[in-house]
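Worksheet for the structure shown next.
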Amino acid sequence: MTNKDALNWLRHRFVKFADFSKETGGNFAIMAAILMVPMLVAAGMAIDYTTLVTDNSNLQAAVDVAVIAAVIPAKATDAEREAIAEKYIRSNYRGIFRNSNLSIIPNASGREVSVLAQASITTSIMNIAGVSSIDHNASATATISSDTGTCIFGLNKTLADTVTTWGSPQIETTCGVHSNSVSSQGLTSSGAAIAKAGSFCSSGGFSGSFSPTPEKNCAPIVDPYASLPVPSSTGCSVTGYRSSNGVNNISPGIYCGGMKITKGTVKLTPGLYVIKDGSLDINSNETVSGDGVTFYLIGSSDFSLTGQADLQLSAPKTGTYAGMLFVSHPDAGTGKDFKIAGGAETKLVGISYFPKQVLDIGGNGTFGANSKFMALVADVIQIRGNAHLKVNLDPAAEGYSNIVLPGKPTIPLLVR
């Protein structure tokens with residue numbers, strides 16, 4: 001019953017009682033007066049109940065909008081999400097809003113947000129019986145749905161062989177391989193290459209042997225790292241760095257003329273290493289290690305990781321470049337291929353991102369097996385030779401959370 005229906009019903013009853021008051025039979029008028037009180041209370045309860053139902057519906061709608069808004073930001077804190085939720089509830093709900101309780105439940109691939117909002121309505125006729133207000137609440141939970149399983153991702157939108165293998169390499173991964181190219185040959189495999197993955201997808205077509213068979217005409221994936229900030233590259237902390245025999249301790253800074261690690265044991269302090277106008281060349285047969293490091297290539301810099309060193313590098317877990325191990329400015333290394341040919345002891349934890357560069361992966365050994373979290377994103381990715389490439393995409397297994405991963409656009413979903 002709507003408020004209007006309840007009022008019409010009450011008005012009708014008053015008319016009837018007005019007719020009863022004209023009766024001269026005595027007892028009938030008295031009985032009518034006695035019955036009026038519970039009937040008025042019943043009518044008041046109907047009106048207040050209808051108001052409550054309507055108000056609760058409005059509150060639920062406001063909470064649904066609020067929880068969606070709160071779950072969308074990738075790196076918001078719990079306090080920031082709570083502020084977002086409360087803002088949206090206050091903006092969309094017109095009743096008496098008391099408070100909201102919000103809980104964040106992180107998971108390996110994203111996050112889940114729950115909102116509980118409490119509100120109150122002021123009663124009308126029920127107020128006569130001492131019930132001045134009725135409290136009620138609404139709750140909702142939202143999560144982020146995203147195909148975050150893409151670990152080998154070719155960004156180029158038009159070229160053939162945007163992601164390609166030839167020779168006799170092996171790709172072995174449970175995550176996805178995606179080519180953004182609309183070319184009929186955007187994803188290719190030739191020779192004796194063995195390509196096995198959780199999925200293969202091409203925005204155009206494919207040729208060659210894959211397991212499973214690739215999907216064609218897939219929606220392009222948006223580059224999730226296109227808006228990464230460019231660090232300052234003014235001045236030089238070190239010029240023309242070359243490692244030496246023995247132990248080399250390296251600190252973050254701007255390395256002009258590149259960084260060449262070709263001998264000695266190298267230990268990198270956590271932080272950002274800007275490689276400016278030179279090669280980042282790691283071609284050592286000894287130990288190179290560093291936790292919480294990001295290499296950012298800028299200017300005429302290029303990248304070559306070709307040694308058989310005991311290489312142990314991991315990206316930061318927090319901060320601007322969380323999850324990013326190697327990053328290249330789009331204009332870096334013009335016309336040069338960026339090369340990786342690591343050995344069995346190579347462990348790269350994090351994302352390698354070369355937005356306008358060709359990433360060439362070769363060599364003769366197994367590469368990537370030691371890392372539970374590794375993604376390769378480049379304009380063009382070519383895997384060749386006898387390389388055995390194993391790629392895993394499980395950030396949580398390496399202690400990372402809320403890392404932006406390549407995949408289809410994130411979609412917030414109400415789950416309850």
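Derivation of every value follows stated rules applied to the coordinates shown; laboratory data play no part. These numbers were taken from a predicted model, which means no experiment stands behind them. Ideal geometry is used to build each Cβ from the backbone, glycine not excepted, and the neighbour counts take in all protein chains shown.
Computed values, structure above
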{"read-out": "Evaluated at q = 0.13 Å⁻¹: base-10 log I(q)/I(0), Debye formula over Cα of the stretch 324-372", "value": "-0.33"}
{"read-out": "Extension gain, LYS216 back to SER132 (0.36 nm per residue minus Cα-Cα distance, nm)", "value": "23.9 nm"}
{"read-out": "The stretch 148-302 - Rg (one decimal) and Dmax (whole number), Cα, Å", "value": "19.4, 53"}
{"read-out": "Relative contact order (percent, whole number), the stretch 254-394, Cα cutoff 8 Å, 6+ residue spacing", "value": "17"}
{"read-out": "Restraint check, LYS263/LYS372; LYS216/LYS347; LYS157/LYS356, Cα-Cα greater than 23 Å", "value": "LYS263/LYS372; LYS216/LYS347"}
{"read-out": "Modelled FRET efficiency - R0 41 Å, LYS336 with GLU172, Cβ distances, 0.05 increments", "value": "0.90"}
{"read-out": "Cα-based radius of gyration of the stretch 334-416 once divided by 2.2 N^0.38 Å, which approximates compact folds", "value": "1.27"}
{"read-out": "Ratio Rg/Rh [Cα only; Rh per Kirkwood] for the stretch 154-208", "value": "0.95"}
{"read-out": "Percent RCO, i.e. relative contact order, over the stretch 251-333, from Cα pairs under 8 Å lying at least 6 residues apart", "value": "27"}
{"read-out": "Theoretical FRET efficiency, 1/(1+(r/R0)^6), r = Cβ-Cβ of THR287 and PHE97, R0 56 Å, to 0.05", "value": "0.40"}
